[in-house]
1. At a 1.4 Å probe, what is the % contribution of carbon and sulfur to the accessible area of the range 76-144?
2. How long is the gain from VAL145 to LEU102 if the chain were fully straight, where each residue apart is worth 0.36 nm and the alpha carbon distance is subtracted?
3. Suppose we take every Cα in the range 84-147 and form the convex hull; what volume per residue is that in Å³?
4. For ASN135 and ARG43, FRET efficiency with R0 = 41 Å and r from the beta-carbon atoms, rounded to 0.05?
Amino acid sequence: MGMRLETAARLVRLGFAPVVLISGAPAAYGANEADLAIPYIVRQGYPQSGSSPCAIKPCPPARSASCCCRIAPARVRSVILVTSDFHTARAARIFRAAERALGCRLEMRVVPAPDRYFHAGSWWRNREGRKTALNEWEKTIANAVGI
């Protein structure tokens, strides 16, 4: 998650977004990935609130579209979806499906964050890259058939 967080935080620093919503899967010891991510990104020098123009807020796991749509009428008109480079297409489809289910439509840009093991031009050359690609293909097919 570190590269995604750092990419999102950089976009905030560049003025592209005032709020970072972090969602994630359940992690160890009853914590959510977002609960662990916020202190991490703050330690990297990105303030959580206060004098910073950025607010870093957690979202329930896999509910980023819901979080955005819930605050959309008041403040949010567009989102930047930052995810791992191998996951951009599926993440965008999942987000759009959630929007449709919620009756919400936001302008969306998807920004890929680099991954430590997966590189689009050479993923097949290392075991972790092959595992990542296979895992993403499996999840894409599972989503397509409704599993």
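1. Answer for the range 76-144: carbon and sulfur cover 54 percent of the accessible area.
2. That works out to 13.4 nm of additional length.
3. Hull volume normalised by residue count: 82 Å³.
4. Efficiency, from the Cβ-Cβ distance: 0.90.
The values are calculated or read from the model by the stated rules, or taken from the named source; none is laboratory data. It should be emphasised that the depicted structure is a prediction, and the values quoted were computed from it without experimental measurement. A quick note on method: Cβ atoms are made from the backbone with ideal geometry, for glycine too, and the neighbour counts reach across all protein chains shown. Heads up: the accessible areas ignore ligands, DNA and RNA and are worked out on the full protein's heavy atoms, side chains in. Shrake-Rupley method; radii C 1.70, N 1.55, O 1.52, S 1.80 Å.
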